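Derivation of every value follows stated rules applied to the coordinates shown; laboratory data play no part. Quantities reported herein were computed from a predicted structural model and do not represent experimental measurements. FYI the Cβ positions are ideal-geometry reconstructions off the backbone, even for glycines, and counts take in every protein chain you see.
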Amino acid sequence: MTKRRFASYADVRASVGQDVAVTDWITITQEQVNQFAEATGDHQWIHVDPERAKKGPFGAPVAHGYLTLSLLAQFMQQTVTVDGATMGVNYGLNKVRFPAPVPVGSRLRAHIKLLAAEPVQPDGMQMTWGVTVEREGSDKPVCVAETLSRSHGAAQG
């Protein structure tokens, strides 16, 4: 895993356009998929019925696209830090695509690029991140997203 620690918002602004982090691999389990189905009410058989899913279009149960998307919070938290920030919040998404499925048992990791950084009053920074989630052994990413986050309280320097 590569991690990025920004010393200040000036350090963030100076890093726009750079690849800033690559996460560790995580494994997607059937238990995670089932828990996500419970939390969201999305019990489609391609996710939660392993026997039926074996005969389906992907040959195995697959993670929900939104489960894969929800991992962005974990990926960002484990790899990107702004010194002095007292709070960070998810501000939204500009773009999201799921180019390939995530069969249960897949290992995923994210590549994170800083696309933009703009001050937010009174003491914050809005950052636009390009995140590509890859599945081990696949040439196609499983999620490509442009996500926005806001950090508050760090040095403006």
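Please return the longest range in the chain lying between exposed loop sites, taking chymotrypsin sites (Phe, Trp or Tyr not before Pro), DSSP loop only, at most 14 other beta-carbon atoms within 10 Å, and leaving the sites out. If you can, show how the numbers build up before the last one.
Details: sites that count: W25, F58.
Counting only loop sites that pass the neighbour cut-off, the longest clear stretch is 59-157.
Give the angle, between 0 and 90 degrees and rounded to the nearest 10, that separates the Cα long axis of helix 30-40 from the longest principal axis of the Cα atoms of the chain. Tilt relative to the chain: about 70 degrees.
Reducing segment 72-118 and segment 1-65 to their Cα centroids gives an inter-centroid distance of 10 Å. Build a GNM of the chain with springs between Cα atoms under 10 Å apart, and of L93, L69, L115 the one that fluctuates most is L93. In this structure the amide hydrogen of F6, modeled in the peptide plane, comes within under 5 Å of the amide hydrogens of T81, V82, D83, none closer than 5 places in sequence on its chain. Note that segment 44-57 has calculated 3J(HN,Hα) couplings of 4, 4, 5, 9, 10, 10, x, 5, 5, 5, 4, 9, x, x Hz, one per residue in order, obtained from phi through the Karplus relation 6.51 cos²θ - 1.76 cosθ + 1.60 (θ = phi - 60°); glycine and proline are x.
Each semi-axis of the equivalent ellipsoid for segment 1-84 is √(5λ) with λ an eigenvalue of the Cα gyration tensor; in descending order they amount to 36, 12, 10 Å. Tell me the angle of helix 65-79 to the major Cα principal axis of the chain, expressed in degrees between 0 and 90 and rounded to the nearest ten. The angle comes out at about 40 degrees. Stretching F58 away from Q77 to a fully extended chain increases their span by 3.8 nm, per 0.36 nm per residue minus the current alpha-carbon distance. Among the lysines of segment 4-152, pairs at least eight places apart or on separate chains and with Cα atoms under 26 Å apart come to 5.
Using only the Cα atoms, what convex hull volume per residue in Å³ does the chain have? Don't jump to the answer; show the numbers that get you there.
On the way: hull volume 17.3 nm³, N = 157.
Convex hull of Cα atoms, per residue: 110 Å³.
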